[in-house]
Amino acid sequence: MICFQNVALYLFTTFFISNTVTSISINEDQSYWRTNGHDSLMEALNTKTVVGVAKNVILFIADGMGMTTMTSSRIYGKTEKGFLAWEKLDNIGVLKVYSANKLVPDSCSTATALFCGVKANHKTSGVDASVDVDDCEASLKPESNLKSIIDWGQEAGKSTGFVTTTRVTHATPSALYAHTPNRNWECESRIPASSAKCKDIARQLVEDSPGKNIQVIMGGGRQCLQSSVQDTIADPIDTWSCYSKDGRDLIGKWIDHKQSQNYSYQVLNNNEELNNLDLSKEYTLGIFANGHLKYDYERDKGPRGMPSLSNMTEKAIQLLRKNQNGFILMVEGGMIDQAHHRGHARKALGEVIGLSDAVEKALELTDPMETLIILTSDHSHSMLLTGYPNRTQGVLSFTKSEMDDLPFTSLVYGTGGPNNYQFMVDNGTITRENPSKNNTADWEYSQQALVYTDEVTHSGADVLVFARGPMAHLINSVHEQTYIAYVIAYASKIGPYAQNAAAEINLYSNMYMLTALLYMLLN
């Protein structure tokens, strides 16, 4: 009956549109949009709901990508008629991103919500709201520590991994494996003496569960894992981050653990080693930078350079899918956020395109009947797409203000650092810098901001979530950010839904089909 209705509706719409098109004198533009609307409708009518257990889950996090960033990136990289890889996924929802104590959140509290299913306080990771920032004692209480999708996956016998363009100890990935009252405690040098009992994030990754049992780890952050690493032009020290000086060699310790357990392993340092990795190895650690990886547009693409997010994602999937029980993988496009914080819009847009390439690669390598793919953002940024630029101008252009006769960039920030705050006093009058005197399409160009702050700040606006695969239809409305952890757990039969999950899912499937049939009969 359901199939019959779709066929009937298809025939009706085809007849309606074809007769409208032939009976009315229309121009080419009308024809284009009628065809586009018809094709999109047929796509929607033929969408299939995948009900069953997700063998694999890939969760993509576009750090700092709000609606404006997504729209602007689409125009920038695909044109306004195009689509980013995730924008054609079958299911879409909205997530509320506030943290336990802030309306506008940071990345570790939102990552905790996404990965652990519980909201946390600002600047804390992997702990519940009983832990305030810097409260070492509270974070050491077992009841305050949260399990993540990585814990749940390992308990179910699945392989686990994460890939990021930031440090592997940075805010977002830390919520997968660490429990800390301060996201900045990535190594020992940032932990005050009064909190010496607390273990830094890098040590938790290598020494504790679930971190030491993660089969694939790829990203930057060597300066947190090893002490006194060298600063070079090709691989600079990240002065914003922790820099270890206690003599540690956590990469060596990671190797020692794998040898003691008779696990096969490999350590990767550059493009050449990533491209030539051994897919038979059980554990892979890829640390490609002292700090964050370089932006995709500036990275060295040669053998000694840093890899793209797409390449890391491809290799991670190939390594993890050997497990017959499936895998859980988190992939973060983390440099979107970093570009926004510095007020360089084009860099952020370029990183979104790099993430789109990674999602496209994942879609190619996985079966939608057995792999749940979810893409969302942890939070937005204060960037706006404004004014009335012509479609031919693109988003990196500028238009003229009708009030002060000065051009303004189509992309602007609500808040920004000294490079973005471009107001000055000229003969007693406050005025703005004229953007037409600069190359607004330059990678280093800083878009103008309204409010002067130390850097561009986050936005508290809702973010979108897209999904494909088993149980993806559960993402269908406005949800709490914590909801994603439970969708992943329910779809893949792990964590809180590990017990009797198969029976529950079969029951749900039968109820779903019965409800659909009853609806058709009654209507």
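The values are calculated or read from the model by the stated rules, or taken from the named source; none is laboratory data. Because the structure is a prediction, the values reported are computed rather than measured. Heads up, the Cβs are rebuilt from the backbone with ideal geometry, glycines too, and the neighbour counts pull from every protein chain shown. SASA here: full protein model, heavy atoms, side chains in, ligands and nucleic acids out. Shrake-Rupley method; radii C 1.70, N 1.55, O 1.52, S 1.80 Å.
Inside the stretch 250-273, residues that are open to solvent by 60 Å² or more (accessible area, probe 1.4 Å) and among the basic types (Lys, Arg) make up a count of 1.
For beta carbons closer than 8 Å, sequence separation of 6+ or different chains, a first residue in the stretch 233-248 that is more than 16 Å from Asp200 (Cβ to Cβ) and of a type in the set (Val, Ile, Thr) and a second that is part of a loop (DSSP other than H, G, I, E, B) and open to solvent by 80 Å² or more (accessible area, probe 1.4 Å), the qualifying pairs are Ile237/Asp231. With respect to being under 21 Å from the mean Cα position of the chain (by Cα) and farther than 29 Å from Gly469 by Cα, Met424 falls outside the description.
Among the residues of the stretch 442-463, some residue qualifies, meaning at least one is open to solvent by 40 Å² or more (accessible area, probe 1.4 Å), under 30 Å from Ala362 (Cα atoms) and not aromatic (Phe, Trp, Tyr).
Hey, does the stretch 95-102 have a residue that's in contact with a strand residue (DSSP E or B) (Cβ under 6 Å, 6 or more places away or on another chain), surrounded by fewer than 24 Cβ atoms within 10 Å (Cβ to Cβ) and within 16 Å of Val487 (Cβ to Cβ)? Looking for residues that are in contact with a strand residue (DSSP E or B) (Cβ under 6 Å, 6 or more places away or on another chain), surrounded by fewer than 24 Cβ atoms within 10 Å (Cβ to Cβ) and within 16 Å of Val487 (Cβ to Cβ), one finds at least one in the stretch 95-102, hence yes.
Does the stretch 180-195 include one or more residues that are part of a loop (DSSP other than H, G, I, E, B), open to solvent by 50 Å² or more (accessible area, probe 1.4 Å) and farther than 24 Å from Met306 by Cβ? Checked against the condition, which is being part of a loop (DSSP other than H, G, I, E, B), open to solvent by 50 Å² or more (accessible area, probe 1.4 Å) and farther than 24 Å from Met306 by Cβ, the stretch 180-195 yields at least one hit. Of the residues making up the stretch 145-158, those that are among the small types (Gly, Ala, Ser) and either open to solvent by less than 10 Å² (accessible area, probe 1.4 Å) or free of Cβ contacts under 8 Å to residues at least 60 places away in the same chain (or both) are Ser148, Gly153.
Quick grid of which residues meet (1) within 25 Å of Glu314 (Cα to Cα); (2) out of contact with any strand residue (DSSP E or B) (no Cβ under 7 Å at 6 or more places or on another chain):
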| residue | (1), (2) |
| --- | --- |
| Glu332 | yes, no |
| Ile336 | yes, no |
| Lys361 | yes, yes |
| Leu365 | yes, yes |
| Thr371 | yes, no |
| Leu385 | no, no |
| Arg391 | no, yes |
| Glu402 | no, yes |
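Inspection of the stretch 91-103 identifies no residue that is in a loop (DSSP other than H, G, I, E, B) and under 30 Å from Ala441 (Cα atoms).
Within the stretch 214-321, which strands (runs of 3 or more DSSP E) (wholly inside it) include 3 or more residues that are under 22 Å from Gly334 (Cβ atoms)?
216-220, 283-287
Of the residues contained in the stretch 133-144, none is found to be in contact (Cβ under 8 Å) with a residue 12 or more places away in the chain, of a type outside the set (Phe, Trp, Tyr) and closer than 26 Å to Asp296 by Cβ.
Residues in the stretch 380-427 that are within 14 Å of Leu450 (Cβ to Cβ), aromatic (Phe, Trp, Tyr) and in a strand (DSSP E or B): Phe408, Tyr413, Phe423. Listed by first and then second residue, the pairs linking a residue in the stretch 185-196 that is touching a residue at least 40 places away in the same chain (Cβ under 8 Å) to a residue that is surrounded by fewer than 16 Cβ atoms within 10 Å (Cβ to Cβ) and not polar (S, T, N, Q), with Cβ atoms under 6 Å apart and 6 or more places separating them unless they lie on different chains, are Glu188/Asp246; Ser189/Lys245. Among the residues of the stretch 407-441, those identified as open to solvent by less than 50 Å² (accessible area, probe 1.4 Å) and in contact with an Asp or Glu (Cβ under 9 Å, 6 or more places away or on another chain) are Thr415, Gly416, Gly417, Asn420, Gln422, Thr431, Arg432.
Contact map, the stretch 51-74: first residue within 18 Å of Ile373 (Cα to Cα) and surrounded by fewer than 24 Cβ atoms within 10 Å (Cβ to Cβ), second residue modelled with pLDDT under 95 and of a type in the set (Phe, Trp, Tyr), Cβ cut-off under 7 Å, separation 6 or more or different chains; pairs are Val51/Tyr512.
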